[in-house]
1. Based solely on its DSSP helices, what 222 nm [θ] is calculated for the chain when runs of n ≥ 4 H residues each add -39,500 (n - 2.57) and the sum is averaged over all residues, nearest 500 deg cm²/dmol?
2. If I stretch the segment between Met35 and His93 completely, what's the gain in nm (0.36 nm per residue apart, minus their alpha carbon distance), one decimal?
3. Regarding segment 1-48, what whole-number volume in Å³ per residue does the convex hull of its Cα atoms give?
4. State the label only: which of (1) 1.03; (2) 0.94; (3) 1.00 corresponds to Rg/Rh (Cα atoms, Kirkwood Rh) computed from the shown model?
5. Considering only protein heavy atoms and a probe of 1.4 Å, how much of the accessible area of the chain is carbon and sulfur, as a whole percent?
6. Keeping every protein chain present and rolling a 1.4 Å probe, give me the accessible area per residue for the chain in Å².
7. Just for the chain, what percent of DSSP beta bridges are antiparallel, to the closest 5?
8. Could you tell me the distance between the Cα centroids of segment 80-139 and segment 17-50, to the nearest Å?
Amino acid sequence: MTISDVRGINHVSFTVSDLGAIVRFFTAFLGFEVMNQGPRDSAAISRVTGVAGAEITVAFVRGHGYVIEFIRYDSHAHLPVAILNPCDVGFSHVGFNVANIEDLIARATAYGFAAINPPTLISQGPNTGMKVCYLRNGEGFTIEFLQAPAGRG
């Protein structure tokens, strides 16, 4: 395989327990659109994932130039939700450039998201000068809002 064999990113994926809530948040609040939603073939998914007896419902959403897949494992709903901390290996999040970070943080509460801490001004790296805030919902799904200083788009 060479670098020319890679054609681009198809999607990123997150496993969630409340598929309806996360799809509502991404569509109604963040402006994504649902591309496809429904169950998948259990035998094929078991082969792909290595999870025996995997029965899943999937939602693909598209917005802001990205496609995100959310998967709910219906066959494994009895398993506990693993809420990772940002320092835990395997933790992930989605970052969004925003115009008014404080307003969005306040409005995100209607969808079950809360700020981990108030927005922080970044002083090093590629986001220097930006206000940044992590928000997470009850199952630990984390998003990041980044607001550029006035005049820096």
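1. For the chain, the value works out to -3500 deg cm²/dmol.
2. Values: separation 58, 0.36 × 58 = 20.88 nm, distance 2.10 nm.
So the chain would gain 18.8 nm between Met35 and His93.
3. Per residue, the Cα convex hull of segment 1-48 comes to 132 Å³.
4. Among (1) 1.03; (2) 0.94; (3) 1.00, the one derived from this structure is (3).
5. Details: 5130 of 9270 Å².
So the carbon and sulfur contribution to the accessible surface is 55 percent.
6. On a per-residue basis, 61 Å².
7. In the chain, DSSP labels about 75 percent of beta bridges as antiparallel.
8. Each part's Cα centre sits 22 Å from the other's.
The values are calculated or read from the model by the stated rules, or taken from the named source; none is laboratory data. On a predicted model such as this, the values are computed, not experimentally measured, just so you know. To get the accessible areas, we keep the full protein, side chains included, count just its heavy atoms, and leave off ligands, DNA and RNA. Shrake-Rupley method; radii C 1.70, N 1.55, O 1.52, S 1.80 Å.
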